[in-house]
């Protein structure tokens, strides 16, 4: 008889029919004796409809008023779902962010949760109510409505789970879990029963858009077990949790992540002197361009070649900035390439197993793929390669690390 | 430099274009140095859209959740209007019912305002903000969202004007004021510069649907000067206010009201005994049917004929109830007639002038109209006539009381 927080996104509540299906699911859990808090997004399309209205008035509408406007989308869903639950004889009550009281800072349209008042929720849970909370929104200390930014409903769910000490936070989506890699690229991609918060972060940052990165960080910080599940299919989904010691002993690779959204910039013949990296990347940062992989090679003529990657959309701006920098520091030349991709092997297991990197490079070499750049973190090794080799690389790595097969030592927790 | 509360209904804010026009109007008043609180309804069609969503789930949705659902409509408008004002360089802030704090009882979907917290509004007004408040909604003492029922935005505006001691509450509509009678019936119908609260109540209850009756009652109780104006045309509108002594001296008739929505029921040959009216009307009241005009004639054979009118929609139900009653009290017969209409002469002036009734009856007799029933109040005389004579009666009365002509002694206040 545990407390579960369940989050349903915009597609899962995109029509009355789907809201009824969600109500069936929630009612089933309630009938199982669990206490339930449901977090919902706006019905799909609704947030865009509201933003469209605002944009007819102002190109950059007042952020405070944007929050007042778009927060209505989630409120509508909470009321409809509470009605659908009531219809099924399930006691249910809707709450908006201000009613719960999800206290945030006052950074309108991208606020951060500071505190959640759990008194009222606990009282209603005790009385047997299913509580339906509007995701993505809160209220600042002056009572102004705030929103957490797009996708913030995941964060609301995790924050509520942390505040209420829920035994699990279930994120219902349009996929049935987290996969070893994109099933559209590798036929044998396998749903993971379990993945650690850190691995999920690395996978998410690489384009596995199952979960908001902020929500995963939050869950990791407060150790809230997260489960990704399909809204309308049965199945255990994927549990995202802390690693346990037993698993650290095995060199388990969680998955192969990749990202096509990269472009490479190289500045050649830079006079090698202290602070050169700062000279080059400072202006890029000031232009609000995020840099991903960075590599610097020192040549023997006291010049250096400096290469880094940026998001593909940022390439034209980055190139412009870099050309000015090149003139200033008397570099030889700027080259760019947007036909690249990043492929990563992710897994906490590699911390204690040095062989992962060499196995990765060997697997790529075997299929004749040249590695342009390498970067590593504690639980991830990434390489930049030519974009056209991306699928080939992912398949080679997936097979080399035997990700098609269920690891022997893993006993998946069953879903609550 | 006074404080004005302005209310714009659903049609006035029914599109972004209209919201922009409203913003122009409000900005104009603000530029004139006034402090402004604007109350808005949901964009026309929006409330129905939301109700439709709910009705797909439940025939009778949970009232608490209905309020959560439909209250979003007004919130959307507040945000959009605040943006439109900001765009014009006018400082503006939206407030929903809970933020203001418009405290109501907990009668969901038909709540009554108990108290308005004016602290926050005063602080923002002092800082020069135009405050845009969501009409029609409030919050109960437990923080649950409530709504005042359809048309409640007028009530919100008046209640705010009373709480803030505004010098005027302006209700913007699709007509340019209150008329002596329906201009579609009488060509010479004239816009009134001024009308008393009591007269307005009588006119409103007779189908002049310019203002919500509750709002007029509220305004009268707290002596809030109300002005009805056209949203998109210039003009002074009609001021609804207390009568002043000077005007009581003249037998001014404010207007001719009428109502087609009536049906007549007669129970014949009722044994005349004490309590007979209660015997007949008790069961009608229990069936939630409102009775309007009542007339009882005692015949000389110790029986009585009892006649009353009800709303036309209620006639079948009322007839059914009455037939049972007739059996019980051994009355002779029940007759019904739904081809009737009510015409009323309304004016505080008639209090001190006995001649009004006889002038009314004379005017109707002159055009050959038979009066079926008569009922009088302090400031109104109503007659029930055959429906087919309605227009003829209204024209005859309008002309007899010389309502086409501006009264000499009236100096209209100019609009603020």
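Helix B:390-400 against the longest principal axis of chain B: what's the angle in degrees, Cα atoms only, rounded to the nearest 10?
80 degrees
Using a/c under 1.5 as the rounded threshold, could you call chain A rounded, prolate or oblate? The axes a ≥ b ≥ c are square roots of the C-alpha gyration tensor eigenvalues, and prolate needs a/b larger than b/c, oblate otherwise. Don't skip to the end; give the middle numbers.
Values: a/c = 2.40, a/b = 1.49, b/c = 1.62.
Judged from the Cα gyration tensor, chain A comes out oblate (a/c at least 1.5, b/c at or above a/b).
In region A:93-176, what percentage of the DSSP-assigned beta bridges are antiparallel, given to the nearest 5?
Working: 6 of 10 bridges.
Percent antiparallel among DSSP bridges in region A:93-176 is about 60.
Extension gain residue A:184-residue A:319, at 0.36 nm per residue separation less the Cα-Cα distance, in nm?
Values: separation 135, 0.36 × 135 = 48.60 nm, distance 3.26 nm.
That pair, residue A:184 and residue A:319, stretches by 45.3 nm at full extension.
Grab the residue from chain B whose Cβ hugs the B-to-A rotation axis most tightly, plus its distance in whole angstrom.
Closest to the rotation axis on chain B: B:72, 2.
Place a point 7 Å from the Cα of residue B:399 along the Cα-to-Cβ direction; which residues of region B:328-349 have their backbone N under 20 Å from it?
B:343-346
In a Gaussian network model over chain B where Cα atoms closer than 10 Å are linked, find which of B:108, B:60, B:230 has the largest mean-square fluctuation.
Taking springs between Cα atoms under 10 Å, the residue moving most is B:60.
I need the calculated FRET efficiency for the pair residue A:110 and residue A:234, taking r as the beta carbon distance and R₀ as 30 Å, to the nearest 0.05. Intermediate results must be reported in sequence, preceding the final value.
Numbers: r = 36 Å, r/R0 = 1.20.
After rounding, the FRET efficiency stands at 0.25.
Estimate the FRET efficiency between residue B:351 and residue B:141 by the formula 1/(1 + (r/R0)^6), using the beta-carbon distance for r and 25 Å for R0, to the nearest 0.05.
Taking R0 as 25 Å, the efficiency between residue B:351 and residue B:141 is 0.05.
Using a basic spin-label model with each label point 7 Å from the Cα along Cα→Cβ, how many nm lie between residue A:277 and residue B:49?
According to this spin-label approximation, the distance is 5.2 nm.
Could you tell me which of rounded, prolate or oblate describes region B:3-173, using a ≥ b ≥ c as the square roots of the eigenvalues of the alpha-carbon gyration tensor, with rounded for a/c under 1.5 and, failing that, prolate when a/b is larger than b/c and oblate otherwise? Before the final figure, lay out the partial values.
Working: a/c = 2.18, a/b = 1.40, b/c = 1.56.
Because a/c hits 1.5 or more and a/b fails to exceed b/c, region B:3-173 counts as oblate.
What is the calculated FRET efficiency for residue A:59 to residue A:296, with r their C-beta to C-beta distance and R₀ = 51 Å, to the nearest 0.05? List each step's numbers first, then the result.
Numbers: r = 41 Å, r/R0 = 0.80.
The computed FRET efficiency comes out at 0.80.
Can you pull the semi-axes for the protein assembly as shown, root of five times each eigenvalue of the Cα gyration tensor, sorted largest first, whole Å? Show your work: numbers first, answer last.
Details: eigenvalues 1002, 220, 76 Å².
One finds semi-axes of 71, 33, 20 Å for the protein assembly as shown.
Mind giving me the nanometre distance, one decimal, between the label points for residue B:123 and residue A:260, set 7 Å out from Cα along Cα→Cβ?
Placing both labels 7 Å beyond Cα along the Cβ direction yields 5.3 nm.
What are the label-to-label distances in nm, one decimal and shortest first, from residue A:351 to the same spot in the other copies, with labels 7 Å along Cα to Cβ?
8.6
Could you work out the relative contact order of region B:140-240, using alpha carbon pairs under 8 angstrom and six or more residues apart, expressed as a whole percent?
This gives 37 percent for region B:140-240.
From the Cα gyration tensor of region A:256-400, with a ≥ b ≥ c the square roots of its eigenvalues, which class applies: rounded if a/c is under 1.5, or else prolate if a/b is larger than b/c, or else oblate? Walk me through the numbers before you get to the answer.
Numbers: a/c = 2.09, a/b = 1.80, b/c = 1.16.
Prolate.
Quick one: work out the % antiparallel among DSSP beta bridges in chain B, nearest 5. Intermediate values should be presented prior to the final figure.
Working: 47 of 75 bridges.
The antiparallel proportion sits near 65 percent.
Where both residues lie in the protein assembly as shown, what percent of DSSP beta bridges are antiparallel, nearest 5? Intermediate results must be reported in sequence, preceding the final value.
Details: 94 of 150 bridges.
Once the DSSP bridges in the protein assembly as shown are tallied, antiparallel ones form about 65 percent.
Could you work out which residue, out of B:305, B:106, B:67, moves most in a Gaussian network model of chain B, that is, has the largest mean-square fluctuation with Cα springs under 10 Å?
Residue with maximal mean-square fluctuation among B:305, B:106, B:67: B:305.
Tell me, what is the percent relative contact order of chain B, built from C-alpha pairs under 8 Å that lie six or more residues apart? Walk me through the numbers on the way to the answer.
Details: 900 pairs, mean separation 56.2, N = 416.
RCO, chain B: 14 percent.
With axes computed from alpha carbons, what is the tilt in degrees of helix B:152-163 against the longest principal axis of chain B, rounded to the nearest 10 within 0 to 90?
Rounded to the nearest ten degrees, it is 70.
Cα axis of helix B:16-31 to longest principal axis of chain B: angle in degrees, 0 to 90, nearest 10?
70 degrees
Taking only DSSP H segments of four or more residues, each worth -39500 (n - 2.57), what value at 222 nm results for the protein assembly as shown once the sum is divided by all its residues, to the nearest 500 deg cm²/dmol? Provide the component values of the computation, followed by the final result.
Values: 26 runs with 295 residues, N = 832.
Taken over the protein assembly as shown, the calculation gives -11000 deg cm²/dmol.
In the Gaussian network model of chain B, springs joining C-alpha atoms below 10 Å, which of B:229, B:125, B:160 carries the largest mean-square fluctuation?
Among B:229, B:125, B:160, the largest mean-square fluctuation in the Gaussian network model of chain B belongs to B:125.
Beta carbons within 10 angstrom, averaged per residue: use that to sort the peptides B:71-78, A:329-336, highest first. Intermediate results must be reported in sequence, preceding the final value.
Details: B:71-78: 28.0, A:329-336: 15.0.
Descending mean neighbour count gives B:71-78, A:329-336.
For residue A:388, place a label point 7 Å from Cα along the Cα-to-Cβ direction in every copy; what are the distances to the other copies, in nm, shortest first?
Label point to label point, same position, other copies: 9.1 nm.
Within 10 Å of each Cβ of A:46-57, how many other protein chain Cβ atoms are there on average? Present the calculation step by step, with values, prior to reporting the outcome.
On the way: counts 0, 0, 0, 1, 4, 0, 1, 9, 6, 2, 8, 13.
Mean partner-chain Cβ count within 10 Å for A:46-57: 4.
Relative contact order, percent, of region B:3-173 when contacts are C-alpha pairs under 8 Å separated by at least 6 residues? Show your work: numbers first, answer last.
Working: 365 pairs, mean separation 51.3, N = 171.
Here the relative contact order equals 30 percent.
State, to one decimal in nm and shortest first, how far the label point of residue B:333 sits from each corresponding label point in the other identical copies (label point: 7 angstrom along Cα-to-Cβ).
Ordered by distance, the counterparts are at 11.2 nm.
Taken together, the values in this text are just the output of simple stated rules run on the coordinates, not laboratory data. Model, not experiment: these values are computed from the prediction. Note that we place each Cβ from the backbone using ideal geometry, even for glycine, and neighbour counts take in every protein chain shown.
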